[in-house]
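Participant: What follows is a single structure, and I will ask about it in a moment.
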Amino acid sequence: AFVGMASTPSFDPQERYDPANGNRFLQNGQNTRDALTNMPQRPAIGPMPNSRPMLGTLGATTDAFGLYAGYIEYSHRLGGMWKGLNGKWNSLDWGGNGATGARSLATQAADDAHELGVAGFVVSGSINGYVGIKDLTQGNYGGAAEAGLNIGFGAGMVWGGPVGLVAGGIYFGVQDTIGWGNVMSSYTQFIQENPGWNPYGGYNGP
């Protein structure tokens, strides 16, 4: 039943009506509004390791997918070389032989992995773009910056070579597990509890 209706409201089986002030009361005399206000609240859910809105499992999945795709690509073709079936690296100028297999096998595997990585980036980049624009319009500049970093590191994993792949792997690895926010909070807490500690020169306290 609703609270604060007109003088002739419908009755709830557990309520009685006081026409003097228009309030409803439970059978034990407690005001209905107060009873609802004082109801036990559901425990708050703690922060997720990944703070990105809307991404959750999908974001972590595309991150891992992009890392795996990059690994497959660079394990078959890297820096003007391709890896043969015998595990040896050969120049892209050479087409291969019976022991190495055809060069096209390695290059095709690398191309396929790259295309899969691009597809994963399109999914995660689109979601991060949407989230970033939404955060920006709502004044959440921190969230918009985070979305921009996600897009940047995601692109680096696809087009940044091995260095971009490793950097993106570290970035998303931390973000999708403990979260960069928790890392920074822990670091800030450590600095506050150890004011004499110098991150560039060790401990300078007493």
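The values are calculated or read from the model by the stated rules, or taken from the named source; none is laboratory data. Remember, predicted model here, so these are calculated numbers, not experimental data. Neighbour counts run over all protein chains shown; Cβ positions are idealised from the backbone, glycine included. Just the protein is used for accessible areas: all its heavy atoms, side chains included, with ligands, DNA and RNA removed. Shrake-Rupley method; radii C 1.70, N 1.55, O 1.52, S 1.80 Å.
Participant: Kindly evaluate Gly79 against the criterion of being more than 22 Å from Asn150 (Cβ to Cβ) and at pLDDT below 95. Steps first, please.
Facilitator: Numbers: more than 22 Å from Asn150 (Cβ to Cβ): yes; at pLDDT below 95: yes.
Criteria met by Gly79.
Participant: Here's something else I'd like to know. Could you say which residue among Gly142, Gly132, Gly164, Gly156 is modelled with pLDDT under 90 and either part of a helix (DSSP H, G or I) or open to solvent by less than 40 Å² (accessible area, probe 1.4 Å) (or both)?
Facilitator: Checking each option against the conditions leaves just Gly142.
Participant: For region 106-117, enumerate the residues that are among the aliphatic types (A, V, I, L, M) and within 9 Å of Trp82 (Cβ to Cβ).
Facilitator: Ala106, Ala110
Participant: So how many residues does region 85-142 have that are in contact (Cβ under 8 Å) with a residue 24 or more places away in the chain and either in contact with a Pro (Cβ under 7 Å, 6 or more places away or on another chain) or on the phi > 0 side of the Ramachandran plot (or both)?
Facilitator: Here the count works out to 1.
Participant: If we keep just the residues of region 172-194 that are of a type in the set (S, T, N, Q) and closer than 22 Å to Tyr68 by Cβ, which is least open to solvent (accessible area, probe 1.4 Å)?
Facilitator: Going through the qualifying residues, I end up with Gln175.
Participant: Scan region 124-154 for residues that are farther than 24 Å from Met184 by Cα and among the hydrophobic types (A, V, I, L, M, F, W, C) and jot them down.
Facilitator: Ile127, Ile133
Participant: Considering only residues that are among the polar types (S, T, N, Q) and either within 24 Å of Leu67 (Cβ to Cβ) or open to solvent by 80 Å² or more (accessible area, probe 1.4 Å) (or both), which ones fall in region 97-118?
Facilitator: Residues satisfying the conditions are Thr107, Gln108.
Participant: Of all residues in region 167-195, count the ones that are among the aliphatic types (A, V, I, L, M) and part of a loop (DSSP other than H, G, I, E, B). Break it down into steps so the answer makes sense when it comes.
Facilitator: Of the residues in region 167-195, the ones among the aliphatic types (A, V, I, L, M) are 167, 170, 174, 178, 183-184, 191.
Going one step further and asking which of them are part of a loop (DSSP other than H, G, I, E, B), we end up with 178.
The total comes to 1.
Participant: Sticking with this one: Does region 57-96 hold any residues that are within 21 Å of the chain's Cα centre (by Cα) and open to solvent by less than 70 Å² (accessible area, probe 1.4 Å), and which are they?
Facilitator: The answer is Gly59, Ala60, Thr62, Asp63, Ala64, Gly66, Ala69, Gly70.
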